[in-house]
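**Q** The structure is given below, and queries will be raised subsequently.
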Amino acid sequence: MPLASPYAPRLAELPTDEHTVELLGSSTRYWSYGPADAALTLVLVHGYRGDHHGLEPVVAQLRGIRVLAPDLPGFGSSTPMTDAAHDIAGYARWLGAFSRALGLGDAVVLGHSFGSIVVSHAVARGEISPPRVVLVNPIASLPVGGVKAAGTRALVGAHRLAGAFGDRAGSWLIGNAAVVRAMSEGMARTRDPELRRWIHEEHARYFSAFSDMTTVLEAFAASVTETVTDAVAVPVLVIGAEQDQIAPAAAVRAYASRLPDASLVMIDGVGHLIHYERPRDAAAALVGWLGAGELA
C-alpha cells in the first residue's frame, strides 16, 4: 500500500487551486497555494523530470505567503512548447512569459536544481525582474569529476540509447522503474526507512511524467551542460546541502561568494533532496530571509 506523504496534513490546510495558461504553445498547468491576497507571492520552478509535487513539502511548511507552482512545459501536466526549444533559453523565455501573463513582476522566484539554472538565466537575460531570488540545490558546477561524472556518463549513455530507440521504446527505457529507483537511491540520504520509501514512491509516481522523448532529451542536454549564472544582480538566497553529489557543497559556496548580494545557508545531513528530506529547514531559511510569512 502506498505511503501517505508525511507533509500531507499541513499541505491540506492551505487553500489550493489549479489553473492553466497558454504560453509559447504550451498549455502550462500551475497550482496556487495559500491566501490569494498575501503581501508576498513566491513562484516555484522545479527540477529536471520533476513536477510541482516535488516542492509541495516546502509549500506545506509556509503560511501567509501566496505560492504559485507550475509544471515546466513538457513535464507533469504541462504540454511541450511549440514556439521554443526545451533548453535553458527556451525555459527562460517561458518563465518570462509566465511572469508577464500573471502579472508577477513583484514575485520572489525560487528554482530547485535544474530550476535554479532556468531562474538564474531568466534573470540574467532580462526575462524576469524579481526583487529577490532563491536557489535551492543550485547546479553550480558541471559534472566533470569523480562519482558525479561516472553517474552523468551513465545517464548520458542511457538517454542517447533511448533517443535511438524512438519515442515509445525510449520513453520506456529511461522511465523504467529500475532506472528511476537507481536514480532515487543515489540521491536519497535520509536513514528514516519510511521517509526513504516515500521518496522512492514519489519518484516512481512523478519522475517519468514527461510528454515525449524530444522534450526530455532537450532538457537533459541542458541539465548536464549548463550551470547557474553569476550574472544575477538581485539579492539571492542560496540553500545548499553538505552531502550533495549533484550540486557539491564546495561549488555552491564558491558560487555564492561570486554573487554581488548573496546569503548562503548550508544544510548538513542531506543531499540533493532538501525539498523531500529537510523541507522545514528550507522553509525556515526562506521565511527568515524574506522577513515575510511564517512556518506552519
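**Q** Which one of these is closer than 18 Å to residue 118 by Cα, basic (Lys, Arg) and more than 15 Å from the chain's Cα centre (by Cα): 100, 63?
**A** Details: 63 fails: closer than 18 Å to residue 118 by Cα.
The conditions single out 100.
**Q** Oh, and also: Residues in region 242-270 that are touching a helix residue (DSSP H, G or I) at 6+ places or on another chain (Cβ under 6 Å) and within 21 Å of residue 54 (Cβ to Cβ): how many?
**A** So the answer is 5.
**Q** Can you name the condition, by its number, that residue 55 falls short on among (1) among the hydrophobic types (A, V, I, L, M, F, W, C); (2) part of a loop (DSSP other than H, G, I, E, B); (3) under 23 Å from residue 211 (Cα atoms)?
**A** It fails just one condition, (2).
**Q** Then there's this: Against the condition without any contact (Cβ under 8 Å) to a residue 12 or more places away in the chain, under 22 Å from residue 108 (Cα atoms) and either among the polar types (S, T, N, Q) or in a loop (DSSP other than H, G, I, E, B) (or both), how does residue 28 come out, does it pass?
**A** On the way: without any contact (Cβ under 8 Å) to a residue 12 or more places away in the chain: no; under 22 Å from residue 108 (Cα atoms): yes; either among the polar types (S, T, N, Q) or in a loop (DSSP other than H, G, I, E, B) (or both): yes.
Answer is no for this residue.
Matching residues to (1) free of Cβ contacts under 8 Å to residues at least 24 places away in the same chain; (2) out of contact with any Gly (no Cβ under 9 Å at 6 or more places or on another chain); (3) in a helix (DSSP H, G or I):
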residue: 185; (1), (2), (3): yes, yes, yes
residue: 194; (1), (2), (3): no, yes, yes
residue: 202; (1), (2), (3): no, no, yes
residue: 205; (1), (2), (3): no, yes, yes
residue: 224; (1), (2), (3): no, yes, yes
residue: 227; (1), (2), (3): no, yes, no
residue: 232; (1), (2), (3): no, yes, no
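**Q** If residue 239 meets every condition in (1) within 22 Å of residue 52 (Cβ to Cβ); (2) in contact with a Lys or Arg (Cβ under 9 Å, 6 or more places away or on another chain) apart from one, which number is that one?
**A** For residue 239, the failing item is (2).
**Q** Now, a different point. In this structure, does residue 124 turn out to be surrounded by fewer than 24 Cβ atoms within 10 Å (Cβ to Cβ) and free of Cβ contacts under 8 Å to residues at least 60 places away in the same chain? Step through it out loud before you land on a result.
**A** Numbers: surrounded by fewer than 24 Cβ atoms within 10 Å (Cβ to Cβ): yes; free of Cβ contacts under 8 Å to residues at least 60 places away in the same chain: no.
No; evaluated as a whole, the condition is false for this residue.
Coordinate-derived values only; no laboratory data. Note that this is a predicted model, so its numbers are computed, not measured. Please note: Cβ atoms are built from the backbone with ideal geometry, for glycine as well, and neighbour counts cover all protein chains shown.
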